Amino acid sequence: MLNLNSIMTTDLVTAQPDATLAEARTLMQEHRIRHLPIVDGDGDFIGLLTQTDVLAATDSFLRSEEQRLHASDIRVEDVMITRIVTVGPGAGLRKAALFLEEHKVGCLPVVEDGRLLGIVTDTDFVGVAINLLETLEESEPVENGFDDEE
């Protein structure tokens, strides 16, 4: 059985809770990611910042400059999500995919003993689907348009 360990991203970009929202947004843009795990000084997983969280915390440009909150003044710890379902590296792919679909979330942090090992996203599951479709196509008989009867 395939498990999350086989598809999760382990080369992680993370931030600490005292980082500013501006710093987190820059990290997310530079690395083209939508989910930023937040770890404490010991490297333990403590929260998650999503692209949606960043957009929601960003102040409106409709306010005057004097009244506007700036991303450089907002700490990640003030806007990050802390109530997050996590899974272990041995979790099955099917259950994880069903969880993402059912709860309409885009990622599952993979954690063991408080340590962040990786993250699996809906994009990872698209990759799995592509591989399965390619395997199916390879196993189907090829129709070449020729009549084999002579």
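Worth pointing out:
- Among the conditions (1) exposed (fewer than 13 other Cβ atoms within 10 Å of the Cβ); (2) over 16 Å from Ile7 (Cα atoms), Ile74 misses just one, which is (1).
- Note on segment 71-96: residues that are under 21 Å from Glu23 (Cα atoms) and in a strand (DSSP E or B) amount to 2.
- Tally, over segment 20-72, of residues that are at pLDDT below 85, touching a helix residue (DSSP H, G or I) at 6+ places or on another chain (Cβ under 9 Å) and of a type outside the set (Val, Ile, Thr): 6
- Among the residues of segment 97-116, the one identified as assigned to a loop (DSSP other than H, G, I, E, B) and under 17 Å from Val13 (Cβ atoms) is Gly106.
- Thr82, sole failed condition from (1) buried (at least 19 other Cβ atoms within 10 Å of the Cβ); (2) more than 27 Å from Ile130 (Cβ to Cβ): (1)
- Condition check for Thr86: within 19 Å of the chain's Cα centre (by Cα) and of a type in the set (Ser, Thr, Tyr): yes
- Number of residues in segment 18-43 that are surrounded by 13 or more Cβ atoms within 10 Å (Cβ to Cβ) and over 14 Å from Ala57 (Cβ atoms) equals 8.
- Criterion violated by Pro17 - all others in (1) at pLDDT below 90; (2) assigned to a loop (DSSP other than H, G, I, E, B) satisfied: (1)
The values are calculated or read from the model by the stated rules, or taken from the named source; none is laboratory data. Given the structure is predicted, the values throughout are model-derived calculations rather than measurements. Because the Cβ atoms are built from the backbone with ideal geometry, glycine has one as well, and the counts that use them run over all protein chains shown.
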